[in-house]
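What follows is calculated from the coordinates using simple rules that are stated; it is not laboratory data. On a predicted model such as this, the values are computed, not experimentally measured, just so you know. Cβ sites come from the backbone with ideal geometry, for glycine too, and all protein chains shown count toward neighbours.
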Amino acid sequence: MSIIFSGIQPSGNLTLGNYLGALRNFTKVQHDNECYYCVVNQHAITVPQDPKLLHQRTRELAAIYLAAGLDPEKATLFVQSEVPEHAQLGWIMTTLSYVGELERMTQYKDKASKRGDSIPAGLLTYPPLMAADILLYQTNYVPVGDDQKQHMEITRDLAQRFNRLYGEVFTIPQILLGHDGTRVMSLQEPTKKMSKSDDNTTATIYLLDNPKDIEKKIKRAQTDSENTVRYDIDCQPGISNLIEILSAVTDKTHEEIEAAYAGKGYGVFKKDVADAVISVLEPIQNRYQELVGDPELDRILDAGAAKAHAKASVTYEKVCQAMGLFRK
Ligand code: TYM
C-alpha cells in the first residue's frame with residue numbers, strides 16, 4: 001500500500017485535460033492505496049480570484065471529484081485552506097527554495113509574463129507550497145499530468161535538501177503519469193495544452209459541457225488538409241490530439257485507431273471521437289448534478305479535513321522538532 005496525494009485548483013471549470021491527465025487516475029489508484037485528494041484553493045489565489053466564484057468553484061470541484069468516481073470511504077477528500085499545515089509547511093519550504101530555481105519554472109515564466117510589472121509574489125512561491133502539500137502526507141506517488149513534471153522535480157529537490165540539512169523527515173515522492181502521460185491539447189491551437197483558463201472556450205472541452213457543445217467543438221477542432229488519420233505530432237498536431245483523446249477514452253493504441261480509420265475522412269473520425277468523449281462524460285455529469293447541492297458533500301469535506309489534519313500534523317511536528325521551531 002502506497003500513499004498517494006494530488007490536487008486540482010478551483011480556478012475555472014474543469015476540462016477534459018484535467019480529467020484524462022489526472023482525475024481519472026485518482027479513482028483508479030484509490031482501491032489499493034492510502035489516498036489524499038485536495039481542492040487546492042490556496043494555489044488558486046496566486047492570481048486574483050473573485051471571492052464568491054472561488055467559494056462556489058471549491059464546492060463544485062469537490063462534487064466533480066466524487067462524480068468522477070472518488071469514494072470518500074476509500075480516499076480522503078478535503079479543501080487545502082481547512083488544513084493549516086499546508087500554509088505552515090509552505091512557508092518553511094519557501095525558506096529552503098532559491099529565487100533562481102523558482103524563476104526558472106516554465107509555469108511561473110508563462111503566468112508572470114502576462115502580468116506586466118505587478119507579478120504576485122505567490123506566483124513565484126507556488127512550487128514550495130505544492131511541495132508542502134505533497135510532503136505533509138509522506139507521499140510515495142503523485143498522479144498528475146505531464147505539465148507538472150517540473151513542479152515534481154523541485155518538490156523532490158526540496159525534500160532532499162531538507163533531509164540533508166535537518167535529518168530524514170520526508171519521503172521522496174515520485175510522479176505517477178497516466179495513460180502514456182496523456183497531455184490533452186487545445187482544440188484550436190493544438191501545440192498548446194488545453195487549459196481551464198483559456199479565453200477561447202471553443203478550444204476547450206469542459207467536463208460539464210452538454211453533448212451538443214462537445215460535438216460542435218470537436219467538429220470544429222483545427223486539423224489539416226492531409227485527410228489521413230495519422231499520429232504525427234509535428235506535421236498533424238490537431239489530428240494527433242484527437243487520436244490521443246480517443247486513445248485515452250477507449251484504451252485503444254494509436255496504431256489501432258490509425259488502422260480503424262484508414263481510408264476514412266476526418267468527418268467520420270471526429271464524430272466517433274465526440275461520441276466516445278460524450279459517453280465517458282455524460283454519467284459524470286449526471287452524478288455531479290445530484291451531488292453538488294447535497295449537504296452530504298459538506299459532511300464528506302468536514303470528515304476529510306479532520307483526517308488530513310491528523311496525518312499532516314504528525315509530519316509538521318517532526319519538521320518543527322528537526323528545525324528547532326519549538327520552545328519546550
Ligand atoms: P491544475 O489545477 O492546473 O490541473 C489539475 C491536474 O490536471 C492536469 N492537467 C492536464 N493533463 C493533461 N492535459 C491537459 N491539458 C491538462 N491540464 C491540466 C494537471 O497536470 C494536474 O495534474 N500545480 C497543480 C495543482 C497542485 C498539485 C499539488 C498537484 C497543487 N498542489 C500537489 C499535485 C500535488 C495544478 O496547477 O494543477
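Things worth noting here:
- Residues whose amide H lies under 5 Å from that of Cys35, counting only those 5 or more places away or on a different chain, are Ile4, Thr76; hydrogens are built 1.01 Å from N in the peptide plane.
- Likely footprinting exposure, His43, His86, fewest C-beta neighbours within 10 Å first: His43, His86
- Within a Gaussian network of the chain (alpha carbon springs, distance under 10 Å), most fluctuating of Asp50, Asp213, Asp272: Asp50
- Counted by Cβ distance under 9 Å from Val184, the other residues give a net charge of +1, where Lys and Arg count +1 and Asp and Glu count -1.
- Of the GluC sites (Glu not before Pro) in the range 35-119, the ones in a loop by DSSP (not H, G, I, E or B) with at most 11 other beta carbons within 10 Å are Glu73.
- Restriction of the GluC sites (Glu not before Pro) in the range 268-328 to DSSP coil positions whose beta-carbon has at most 10 other beta-carbons within 10 angstrom yields no sites.
- Directionally averaged projected area (convex hull, Cα atoms, the range 177-217), nm²: 3.4
- Couplings for the range 85-94, taken from phi via the Karplus curve 6.51 cos²θ - 1.76 cosθ + 1.60 with θ = phi - 60°, read 4, 4, 5, 5, 6, x, 4, 4, 5, 5 Hz in order; Gly and Pro are left as x.
- Spacing of the modelled spin labels on Tyr166 and Ser118, each 7 Å from Cα toward Cβ, amounts to 3.5 nm.
- The alpha-carbon of Lys271 sits under 21 angstrom from the alpha-carbons of these lysines, leaving out residues fewer than 8 places away in its chain: Lys212, Lys216, Lys217, Lys219, Lys252.
- Loop sites in the range 67-138: trypsin sites (Lys or Arg not before Pro), DSSP, at most 16 other Cβ within 10 Å: Lys74, Arg104, Lys114, Arg115
- Here the Kirkwood formula, the inverse mean of 1/r across different C-alpha pairs, assigns the range 193-247 a hydrodynamic radius of 12.1 Å.
- Helical contribution to [θ] at 222 nm, DSSP H n ≥ 4, -39,500 (n - 2.57), averaged over the chain, rounded to 500: -16000 deg cm²/dmol
- Rounded to 0.05, the FRET efficiency of the Lys216 and Ser81 pair, given R0 = 45 Å and the Cβ-Cβ distance, is 0.75.
- Among Leu16, Leu291, the ranking by other beta carbons within 10 Å of each residue's beta carbon, starting with the fewest, stands as Leu291, Leu16.
- Over the range 92-150, the hull volume per residue, using the convex hull of the C-alpha atoms, is 90 Å³.
- Between Met1 and Asn227, the distance separating the two model label sites (each 7 Å from Cα on the Cα→Cβ line) works out to 5.8 nm.
- Over all pairs of different C-alpha atoms, the range 129-199 has a mean inverse distance whose reciprocal, the Kirkwood radius, equals 13.6 Å.
- Enclosed volume per residue, in Å³, of the convex hull spanned by Cα atoms of the chain: 147
- Length-normalised contact order of the chain in % [C-alpha pairs under 8 Å, at least 6 apart]: 22
- Area projected by the alpha carbon convex hull of the range 60-174, averaged over all directions, nm²: 8.5
- Using θ = phi - 60° in the Karplus curve 6.51 cos²θ - 1.76 cosθ + 1.60, the 3J(HN,Hα) couplings for the range 265-276 round to x, 5, x, 4, 4, 5, 4, 5, 4, 4, 4, 5 Hz; x is entered for Gly and Pro.
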